[in-house]
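The values are calculated or read from the model by the stated rules, or taken from the named source; none is laboratory data. Just so it is clear, the structure is predicted and the values come from calculations on it, not from any experiment. Heads up, the Cβs are rebuilt from the backbone with ideal geometry, glycines too, and the neighbour counts pull from every protein chain shown.
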Amino acid sequence: MTTESTMPLPVKLDHCVIHVFDWERSNAFYRDVMGAELVQRPVGWAYRFGDRQLNVHGPGVAPAEVARLPVQPGNSDFCFEWSGPIADAIAHLQRNGVTIERGPLERFGARGAGISVYFRDPDGSLMEFMSYDSRSRETTSPRNLNVLPDTLPIPHDDGGARHLAGLRLPALALHATDGTQVDLSRLSGRTVVYIYPRTGVPGQASPDGWDAIPGARGCTPQSCSFRDHFAELKQLGVAQVFGLSAQDIDEQRETAERLHLPFPVLSDAGLRLARAIDLPTFAVTGMTLLKRMVLVIDDSVVTKVFYPVFPPDKSAEEVIDWLKAG
């Protein structure tokens, strides 16, 4: 990136302006999610970040001067620097129930290249946390997050999951990354289980030919999609979300912690569940792995099957679209 400048001028950014519909909702968001100091004005509020400020137009505010196209709720776009690894920003957004729309992705800001995640404020304005911390680059490695090649082969429906809709699950307890054992047949309400082959392990290469196997690549992006849309799934009536693979519980626990998953991952390392309900599998380099799919389970009965799943990073969105349509 190159910049051009002439004689330095005594100019620096002082404040920007946003417009909001609801003071209470916006104040809570900018205080709790963005870390702003709320400054009460004669009418309304401003949001202060150190020595910089967002002035706010909202109910009751009649500004004297406005832009040629006055700012409206939802049409602003702001980037805030996150001082620390982007993984900490992701965890912070999850704790506050904020859906991440995109990222982590490499972007360029005032200080050069950084890693960003995108989300929205209550009015729909686009927000961005950008981290220049060197540890953030580990989060965007093609081996362990949302970078998917454009050349991935698309999996086709081989009929391997047609028998699952309407199936009542057998009583069978699986180890979970939170230290519990989970029997899917004993859960009440609506449960969503996304099933995947295996997540990558940092520092280890993928099995030979992994990217050429239809449906193999993309387990971490699929997990991240359910992480980022977890709050929305809960709002749509999903009582429980689980990931599930044939990996051992230690590998899954590392993945759950590294990706800050807000739900447990279940281990079917012995393929007990896979054999009990005849889940489709494939073999690679001596491993038998589960094919990617999503099961919606209502009171122990499978009521919806997504199979095959592609692209994997849109898996949670596909489930959400189905929930909204139903």
- Query: Applying the selection to the range 254-266, what residues are at pLDDT 95 or above and over 14 Å from the mean Cα position of the chain (by Cα)?
  - Reply: P264, V265, L266
- Message: Within the range 3-86, considering only strands (runs of 3 or more DSSP E) that don't extend past its boundaries, which have at least 2 residues that are under 29 Å from the mean Cα position of the chain (by Cα) and surrounded by fewer than 10 Cβ atoms within 10 Å (Cβ to Cβ)?
- Response: none
- Matching option when the condition is within 21 Å of L13 (Cα to Cα), of a type in the set (G, A, S) and modelled with pLDDT under 95, among G50, G60, G74: G50
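Which residue out of R102, R111 is surrounded by fewer than 17 Cβ atoms within 10 Å (Cβ to Cβ) and more than 12 Å from the chain's Cα centre (by Cα)?
When all the criteria are applied, what remains is R111.
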- Message: Return the residues of the range 308-320 that are surrounded by fewer than 21 Cβ atoms within 10 Å (Cβ to Cβ) and over 16 Å from the mean Cα position of the chain (by Cα); say none if nothing qualifies.
- Response: P308, F310
- Query: Would you pick out the residues in the range 283-307 that are under 23 Å from G209 (Cα atoms), at pLDDT 95 or above and surrounded by fewer than 16 Cβ atoms within 10 Å (Cβ to Cβ)?
  - Reply: T288
- Unmet criterion (only one of (1) in contact with a Phe, Trp or Tyr (Cβ under 8 Å, 6 or more places away or on another chain); (2) at pLDDT below 85) for Q94: (2)
- Task: Determine whether F306 is in contact with a helix residue (DSSP H, G or I) (Cβ under 7 Å, 6 or more places away or on another chain) and within 20 Å of R168 (Cα to Cα).
- Result: yes
